[in-house]
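**Q** Starting off with a structure, shown below.
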Amino acid sequence: MATGKYWLRDQGVINLPSTTVCGFNAMIRTLFTGLLLTMSAICYAGGQPADGELRIRMSDLESLSADFEQTVYAAEGDIVQQASGHMLAARPGRVRWNTDAPFEQLIVTNGKTLWLYDPDLEQVTIKPFDADLGKTPAVLFIGDLEALEDSYSVSLEEEGTSALFTLLPNKADSLYEKVTLRFEGLSPVTMALWDTLGQKTDIHFDNLQRNPPWTVDQFMFIPPEGVDIIGDE
């Protein structure tokens, strides 16, 4: 299937283009799961705490940068979208998600405002940032993870240095049926999201840096002169 551009909107919440994730389309429907803040009182099957293992991997994480490759699969298993680019996230609530291929697109949030810039369309969409973990799993990268236990049940599987965290939504209106995040040692290497229509999004991270330097300006966006602006400036 040919790759094309389209925006996803539902329940009044603007989501990422399918060529970016979200996940996490997500999130930021896919952006980005469970890295910058600590969790509390989360248990997994068997009654053992999973939060301790995740906390070990996140405890000193203030910022994160990585290259990413994203593949979206239809419910039948066919590839719907493929994209690649670079992401930067910082506590609290800041994300810069830059897609290079097949189309250049930029998503930026400072935790309050979300900018979605499409150079080809010469268009910027500006919306309030929605940090609802049930609707936007990518917020787990940079949101308040104390709220995570209200949105998801978490389980953990370990094999050697690999740890797979599985998040299942507690709320019926969640956009996702399941979210997984795999760590190798202290580094997140893959993220996968299954939506309620059976579509799966895989994200692979490479060249990952923990706690890279960043500036406030990297999480702001000034629309170029002449572009169409949709939403609130």
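The values are calculated or read from the model by the stated rules, or taken from the named source; none is laboratory data. Since the structure is predicted, the reported quantities are computational estimates derived from the model, not experimental observations. Cβ: placed from backbone, ideal geometry, glycine included. Neighbour counts: every protein chain shown.
**Q** Among PHE68, PHE32, which is at pLDDT below 60, buried (at least 22 other Cβ atoms within 10 Å of the Cβ) and either of a type outside the set (D, E, K, R) or in contact with a strand residue (DSSP E or B) (Cβ under 8 Å, 6 or more places away or on another chain) (or both)?
**A** Residue meeting the stated conditions: PHE32.
**Q** Can you tell me which of (1) under 24 Å from PRO128 (Cα atoms); (2) in contact with a Pro (Cβ under 7 Å, 6 or more places away or on another chain) is the one PHE205 doesn't meet?
**A** So the condition that PHE205 fails would be (1).
**Q** Please specify each residue of segment 194-217 satisfying the condition of being part of a strand (DSSP E or B) and farther than 20 Å from SER65 by Cα.
**A** TRP194, ASP195, LYS200
**Q** Applying the selection to segment 178-202, what residues are under 15 Å from the mean Cα position of the chain (by Cα), at pLDDT below 90 and over 20 Å from GLU159 (Cα atoms)?
**A** If the condition is that a residue be under 15 Å from the mean Cα position of the chain (by Cα), at pLDDT below 90 and over 20 Å from GLU159 (Cα atoms), then LYS178, LEU193, ASP195, THR201 are the ones that fit.
**Q** Restricting to segment 100-153, name every residue that is modelled with pLDDT of 80 or more and of a type in the set (Asp, Glu).
**A** ASP100, GLU104, ASP118, ASP120, GLU122
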